[in-house]
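Data first, discussion second: the structure below is written as structure tokens.
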């Protein structure tokens, strides 16, 4: 009988915490508003840097705010692809990330665009949305890989001379 009660409680608890499309939309809307509010102030708080990572020149824009929030934006262009990563931290925790890969040969406009936006809740990837043609189209795409990318970027950021 205790097993049945335990399983029932576990099921109800798990069901209550499950992300529904409405919850995901509310979470995305909430985080997007937070990000946009901080981004408005970014031009005032912005620091710029340039790095050479694995032979690729990367341009960093970093905005650190008095409220503990931070935006990291990294851009580069290599082999006909424009790359951009954006990370938004609220109180030192990753809340939003965006990865963009645009096929853009020299002397031309974007030919093929792809981006994926990632939303985090309590330190975990809660939901993501992908647009265009890119790595999330196939079964091998791993949305959680953005966390490893973010952690790598934090190490690279720490190595930039302040």
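Under the condition of being outside any loop (DSSP other than H, G, I, E, B), at pLDDT below 90 and farther than 16 Å from residue 158 by Cα, which residue from segment 41-69 is farthest from the chain's Cα centre (by Cα)?
Out of the qualifying residues, it is 44.
Any residue at all in segment 131-142 that is in a strand (DSSP E or B), over 13 Å from the mean Cα position of the chain (by Cα), in contact (Cβ under 8 Å) with a residue 12 or more places away in the chain and closer than 30 Å to residue 22 by Cα? Walk me through how you get there before you give the answer.
Going through segment 131-142, the residues in a strand (DSSP E or B) turn out to be 131-132.
Next, from what is left, pick out any that are over 13 Å from the mean Cα position of the chain (by Cα): 131-132.
Okay, now just the ones that are also in contact (Cβ under 8 Å) with a residue 12 or more places away in the chain, so 131-132.
Now drop any that are not closer than 30 Å to residue 22 by Cα, which leaves 131-132.
Yes, that holds for at least one residue.
Quick one: which of 125, 131 is surrounded by fewer than 18 Cβ atoms within 10 Å (Cβ to Cβ) and at pLDDT below 90? Even if it seems obvious, please write down each step before you answer.
Details: 125 fails: at pLDDT below 90.
Within the list 125, 131, the selection yields 131.
Scan segment 134-162 for residues that are at pLDDT below 85 and surrounded by 11 or more Cβ atoms within 10 Å (Cβ to Cβ) and jot them down.
The answer is 134, 135, 136, 137, 141, 142, 143.
The values are calculated or read from the model by the stated rules, or taken from the named source; none is laboratory data. What you are looking at is a predicted structure, and each value in this text was computed from that prediction instead of being measured. Quick reminder, even Gly has a Cβ in these numbers, built from the backbone with ideal geometry, and neighbours come from all protein chains shown.
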